[in-house]
Each structure stands twice: as structure tokens, then as C-alpha cells.
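Only one structure is covered here, and it is reproduced in the block below.
The values are calculated or read from the model by the stated rules, or taken from the named source; none is laboratory data. Small disclaimer: the values here were computed from a predicted structure and weren't measured. Reconstructed Cβ throughout: ideal geometry from the backbone, glycine too, with neighbour counts over all protein chains shown. Keep in mind that these areas ignore ligands, DNA and RNA; they rest on the heavy atoms of the full protein, side chains included. Shrake-Rupley method; radii C 1.70, N 1.55, O 1.52, S 1.80 Å.
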Amino acid sequence: VDGGHAALVDAVVARHGRLDAAFNNAGVIGKLGFAKLEHWTAAEFDTAMHVNARGVFLCMKYELMQFRRQRSAERAANVARGRVYRIVNTASVAGISGTAHGQSGYAASKHAVVGLTRVAAREYAKNGVAINALAPAIVRTSMGTGGGSEAATKLAEQIVRSSNPMQRMGTVDEVVAALMYLLSPHAAFVSGIALPVDGALTCH
């Protein structure tokens, strides 16, 4: 519910006094395995959209409201605006180019995340907020291997070997390294991108 997202931001501010950056890492497949569109149910599609897209939207909404309150307080105190607030959302390569192995509902939700990221980046750039997304390929996690079963993991590995130029899955550490760059001062002028962490998968 909306109140849960607002309460989360309030809890961070209550504990730390302010909010400077946020990482919205929402992600569910929606349907386990690598299923084509006709095999998805409406409920599975709704789950993917609710968590992956609506969840990110609500987190961004209340994070941006908090940034606005802090910026207003800075102006009232005559503090020079040098601070860049940052938001990073987890998208996917499926949100950039789609996939050739099913998961259309998941791809739709991650396209939504990329759209939210790009439009909000334009809307809030003048307010000193940098908003970006990460777009990983298949990463070696339970979710990335289609649920973690032996059969799903083997299928994921086959897909990677046949489709990824580096012929391997990404690692959590590689995604975290990209995240830390986007959250760092080095990325102060980077906003509105969906950064692929994908072994050249989306190069065209």
C-alpha cells in the first residue's frame, strides 16, 4: 500500500536525519521459468507490474517528496545548492530490448521502470536530482536462474552460452560495482540512463 512506502522514507529520515540517495531494487519474475506470453495468467502479469513497476513508482514518489522538503529547507537556511540527490532503480536488459526467451510480463514491467527513470530524470534535473537505472543481464542468483531449480539453472546457463557475447552470467559484485558508481559523486552529471551490466548483450 502507499503508506508503506511513505513510512519507509520517514523511518530513514527519523534514523539518519535526511535522505540523500535511494536504491529501489524491486524485482520478481512474475512467472517462474522462461514462459511465453500465452502461458502467463493475468494474475502473474499483475504481480510483476505491481512489484516491479508500481513499487518503484511509489518509492520514487516519496523519495522525491523528501528531497523537495530538504531542498526547501536548504533554501530557507541560505545553503548553497551543491548537493546532488540520487535515485537508482533496478531495471533489466529485458527493459531495454526485450528477450528472446519469454518473460514478456517481466519485460513489460522493466520497460516501465526504464520509462519512469528517464522521464523523472528530465522532470527533476533542475532540482539537483540524478535518476538512473541499472539494466543487468542474467545474474547468478536464484531469481536470475529462473527459480533456482537444477533444471531452470541449466536452462539459464544454456541461454547465456548461446546469447551472451561473454558466454556467462553476471555476478552480484559486478552489479553492485555499477550501482556504487551511479550513487557516487563521480556520476553527478549522469542522469536518465539505463546502464547495461550485460557483457555486451544489448550492443547493436
Enumerate the pairs (first residue in segment 154-179 and in a helix (DSSP H, G or I); second residue anywhere and surrounded by fewer than 12 Cβ atoms within 10 Å (Cβ to Cβ)) with beta-carbon separation below 8 Å, excluding pairs fewer than 6 apart on the same chain, so at least 6 apart or on different chains.
-> Val160/Gln167; Arg161/Gln167; Ser163/Ala100
Right, Gly192: part of a loop (DSSP other than H, G, I, E, B) and at pLDDT 95 or above or not?
-> yes
Do you know which of the residues in segment 146-173 that are more than 18 Å from the chain's Cα centre (by Cα) and β-branched (Val, Ile, Thr) is modelled with the lowest pLDDT?
-> Thr153
Quick one: is Ala187 over 15 Å from Phe23 (Cβ atoms), open to solvent by less than 50 Å² (accessible area, probe 1.4 Å) and either under 17 Å from the mean Cα position of the chain (by Cα) or in contact (Cβ under 8 Å) with a residue 12 or more places away in the chain (or both)?
-> no
By residue number, the members of segment 85-135 that are crowded, with 18+ Cβ neighbours inside 10 Å and of a type in the set (Val, Ile, Thr) are Ile87, Val88, Thr90, Val93, Ile96, Thr99, Val113, Val114, Thr117, Val129, Ile131
